[in-house]
Every structure is written in C-alpha cells, then in structure tokens.
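One structure is given below, encoded as structure tokens.
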C-alpha cells in the first residue's frame, strides 16, 4: 500500500486547486491510501532566527506528516509564473531537516487554474526546487487543469467534468506504477 500525501499549494479556502486536492482523495486507485498533508498556511515564514530558537510545532507537524508518507502529490495554482509563496515556504522548512523528508520520495505535480494554460509555468520552477530536495519527480504526463472553474465544484471539492476526472484517475494510476517501480529500483 502506497501512502500518498496530498500537499495543497494554495492557502485560500475556496481555491480551485484545494478543491482538486480534496477530490484527489476519491480518485486514487487501489493500492494507494491518500492522506491530506498540513496546509502550508499553518507554517510561519522561514527565518533562520526562528529555527535557531527551536523548530515551531507547526513545522514539526508538517515534517512528521511528510516523513509518514511514501509519495507526495502537490496540487497547486501558479502565482506570477511560479510557485506560490506558501508552498515554497513549506519546502524551505522541509529542507532544513536532516535527513530531508522529501529526499528520494516520489512526487507528482498537478497545477490548477481558471486560465487557458492551467498553471503550466509552475511546473518548471517547482521541479527545479524539488530536484534540489532530491525528490524523485514523475515529470510526464504533466497535469494542468485549465479552465478549472468549469470543471471543479469548489463548494463540494469534486471534479464536475468527466474527461478531467478520467484523466486525473489515469494520472494517479500512472503515479502508483511510478512509485512501485521506484521502490523496487
């Protein structure tokens, strides 16, 4: 059984990407056990002075949650062609732990946007940051949920477009196979 941690990139309660992250828990194939990781909004901004005074409880909770999963699915919007600040902050905190809880862990990325590109530009900068953490990234197929307002119900956290739901289910099946092949490598 692959314990899949789902990490939201958005802090906003009514965000499209948070709705897709919630929907992902019901789309995983057999052999995967989804768990929601703490939202990055629970963490203070990374500051070495804070760390020097002692690891904040919220960061300890995030670290423990990431350590407790076998793989991570990041579901995120794109902010200014890059990584949302809260998500980058979470990765920065995780990078200060030794051993790094992201190291050698399979990771997949879904971007979600109301725009036509579906948050496509966040993938490059996020992959670069994840490579630095020694995460094992499933680069293809990429997932960009474009025009998400017409495909996602934010209130219920469900995918309302059948083609989008089928694509996301298929991606999660591919990710499960990727995780299983990586664990045997």
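If you average the C-alpha positions of segment 1-80 and of segment 113-137 separately, how far apart do those two centres end up, in angstrom?
Between the Cα centre of segment 1-80 and that of segment 113-137, the gap is 15 Å.
Please identify, among 85, 30, 68, the residue showing maximal mean-square fluctuation in a Gaussian network model of the chain using a 10 angstrom Cα cutoff.
30
Going by average Cβ density within 10 Å per residue, which order do the peptides 89-101, 112-124, 158-170, 14-26 take, highest to lowest?
14-26, 112-124, 89-101, 158-170
If you scale each eigenvalue of the Cα gyration tensor by 5 and take the root, what three semi-axes come out for segment 99-185, rounded to whole angstrom and sorted largest first?
26, 16, 11
Arranged by the count of other C-beta atoms within 10 angstrom, fewest first, what order do 152, 136, 107 take?
On the way: 152 27, 136 17, 107 23.
In order of increasing Cβ crowding within 10 Å: 136, 107, 152.
When the label point is put 7 Å from the Cα of residue 1 along its Cα-to-beta-carbon vector, which residues of segment 150-174 have a backbone N closer than 19 Å?
173
Put one equal scatterer on each alpha carbon of segment 69-145, apply the Debye formula with no solvent term, and list log10 I(q)/I(0) at q = 0.11, 0.24 1/Å to two decimals.
-0.25, -1.14
Taking only the alpha-carbon atoms of the chain, what semi-axes of the equivalent ellipsoid follow from 5 times the gyration tensor eigenvalues under a square root, in whole Å, largest first?
Each semi-axis is √(5λ); the values are 25, 19, 15 Å.
Which angle from 0 to 90°, rounded to the nearest 10, does the C-alpha axis of helix 57-67 make with the longest principal axis of the chain?
60
Whole-Å semi-axes of segment 3-77's equivalent ellipsoid, largest first, each the root of 5 times a Cα gyration tensor eigenvalue?
Details: eigenvalues 127, 50, 10 Å².
Sorted largest first and rounded, they come to 25, 16, 7 Å.
Angle, helix 85-94 long axis vs. longest principal axis of the chain, Cα atoms, 0 to 90°, nearest 10?
Between helix and principal axis, roughly 50 degrees.
Bear in mind that the values in this text are calculations on the coordinates, not laboratory data. Being a predicted model, the structure only gives us computed values, none of them experimental. Counting neighbours? That spans all protein chains shown, and the Cβs are built from the backbone with ideal geometry, glycine included.
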